[in-house]
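A.B. asks: Pasting a structure below so you can have a look.
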Amino acid sequence: MSIESVAILSPGDMGHAIGQLLREHELRVLTCLTGRSNRTKELSEQAGIIDVPNLNDLVEQTDILMSVTVSEAVPGLCREIADAVKATGTDLLFAECNAISPTLSKQMEGVLNQSGARYVDASIIGGPPRNGSSPRLYASGDNVAELEQLRNFGLDVRNLGPQTGRASGIKMCYAAMTKGTTALQAELLIAAEKLGLTQELMAEFAGSQPAVVQRMEGWIPGMPAKSRRWISEMEQIEATFRDLGLTPNIFKGVADMYRMIGATPLGDENPESRDKSRDLAETIRLIAESTKD
């Protein structure tokens, strides 16, 4: 299959940046913005992504559809695309790129395959493309070779073999480290703030754990703006660990932390609107003030 067009649902933080990267490499990039937020529409327009009126038109006009959305939206979106493929008889390669458990990915493969689409289990690790860079797009399953063609258009596609679930699995393990650590660090810092021990604790960290301080300063100020979107991702990690016979309780707690932070005024922000001058100490102070003792 020769690739001429790619559709992205939806063109939010990651999706619009991937779309822009593909456009810069002379691919036609499409989406359907019906029912999407004003912010998503603005990001899509900034990236030069073409809006089509409905999903039937979208699947008919594209070679590959990349699903890049929040974890909780995956089952509904997969079923909508399956219905569109059935209705149009389209020959579509569907790449499920979200943070979901291997079990859910295999279930969605069944939904898409029954419609006549070809499925790729995929996941994205790394930040949105900037200045020509690309995150790692891990992929697994029987149809990975087709998706690998996107390497020619700037995407760092990495083939994990023919077994569906490997790409989603690596995302679950990686996000467990990055976002799980961020939640733990945020919780202990909030606790220190409530105990009146922030200055003393940070002095200890600066002396004995300087790399940890650097990471907290880099990750935590921007985290509240993403916290609500991370809740369902943590629930998928919880399900993954449960399926493997491990304790799901750690990531049940992580989901609870992001739910709590998302309920504060800082959770109303988004990556564009947040106060980028707000440092770690101020972020923790504001969260601590907004949460009940």
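A.B. asks: DSSP beta bridges in the chain, what fraction antiparallel, as a percent rounded to 5? Before the final figure, lay out the partial values.
C.D. replies: Working: 5 of 26 bridges.
Taking every DSSP beta bridge with both residues in the chain, the antiparallel ones total about 20 percent.
A.B. asks: Are there chymotrypsin sites (Phe, Trp or Tyr not before Pro) in segment 167-241 that DSSP puts in a loop and that have at most 14 other Cβ atoms within 10 Å, and which ones?
C.D. replies: Of the chymotrypsin sites (Phe, Trp or Tyr not before Pro), not one in the loops of segment 167-241 has a Cβ with at most 14 other Cβ atoms within 10 Å.
A.B. asks: Ordered by residue, what ³J(HN,Hα) values in Hz, to whole numbers, does segment 145-159 give under the Karplus form 6.51 cos²θ - 1.76 cosθ + 1.60, where θ = phi - 60° and Gly and Pro are x?
C.D. replies: 4, 5, 5, 4, 4, 5, 4, 6, 10, x, 8, 8, 8, 10, 7
A.B. asks: What net charge is computed for the residues neighbouring residue 231, neighbours being all others with C-beta under 13 Å from the C-beta of residue 231, Lys and Arg scored +1, Asp and Glu -1?
C.D. replies: Details: positive: 179, 226, 228, 229, 252, 259; negative: 72, 233, 235, 238, 256.
Once all neighbours under 13 Å are counted, the net charge is +1.
A.B. asks: Provide the net charge surrounding residue 47, with neighbours chosen by a C-beta distance below 14 Å and charges set as Lys +1, Arg +1, Asp -1, Glu -1.
C.D. replies: That works out to 0.
A.B. asks: Between 50, 64, 124, where does the largest GNM mean-square fluctuation fall for the chain, given springs only between Cα atoms within less than 10 Å?
C.D. replies: In this elastic network of the chain, the residue with the biggest mean-square fluctuation among 50, 64, 124 is 50.
A.B. asks: Test of the criteria: in segment 189-293, which GluC sites (Glu not before Pro) are in a DSSP loop and have at most 11 other Cβ atoms within 10 angstrom of their Cβ? List each step's numbers first, then the result.
C.D. replies: Numbers: sites: 193, 200, 204, 217, 233, 235, 238, 269, 272, 282, 289; in loops: 269, 272.
Sparse-neighbourhood loop GluC sites (Glu not before Pro): 272.
A.B. asks: Right, next: Report the Cα centroid-to-centroid distance between segment 200-236 and segment 7-30 in angstrom, as an integer.
C.D. replies: Using only Cα atoms to place each centre, the spacing works out to 29 Å.
A.B. asks: Here's another thing I want to ask about it. Calculate how many DSSP beta bridges within segment 5-162 are antiparallel, expressed in % of all such bridges and rounded to the nearest 5.
C.D. replies: Among the beta bridges of segment 5-162, antiparallel pairing accounts for roughly 20 percent.
A.B. asks: So, counting K/R as plus one and D/E as minus one, what does the shell of residues with Cβ under 11 Å around residue 164 add up to?
C.D. replies: With Lys, Arg at +1 and Asp, Glu at -1, the net is -2.
A.B. asks: Now for a separate question. Among rounded, prolate and oblate, which fits segment 168-290 when a ≥ b ≥ c are the square roots of the eigenvalues of its C-alpha gyration tensor, a/c under 1.5 means rounded, and a/b larger than b/c means prolate?
C.D. replies: prolate
A.B. asks: Let me ask something else about it. Check the chain and count each lysine pair with an alpha-carbon distance under 13 angstrom, considering only pairs eight or more places apart or from different chains.
C.D. replies: The result is 4.
A.B. asks: Assign unit charges at the C-beta atoms only (+1 for Lys and Arg, -1 for Asp and Glu), then state the dipole size of segment 54-154 relative to its Cα centre in Debye, rounded to the nearest 20.
C.D. replies: 320 debye
A.B. asks: For segment 48-91, with the dipole built from +1 on Lys and Arg beta-carbon atoms and -1 on Asp and Glu ones, taken about the Cα centre, which of 49, 76, 90 lies farthest toward the positive end?
C.D. replies: Comparing the listed Cα positions along the dipole, 76 ranks first.
Only the coordinates and a few stated rules stand behind these numbers; no lab work does. From a predicted model like this one, the values you see are computed outputs, not experimental measurements. Please note: Cβ atoms are built from the backbone with ideal geometry, for glycine as well, and neighbour counts cover all protein chains shown.
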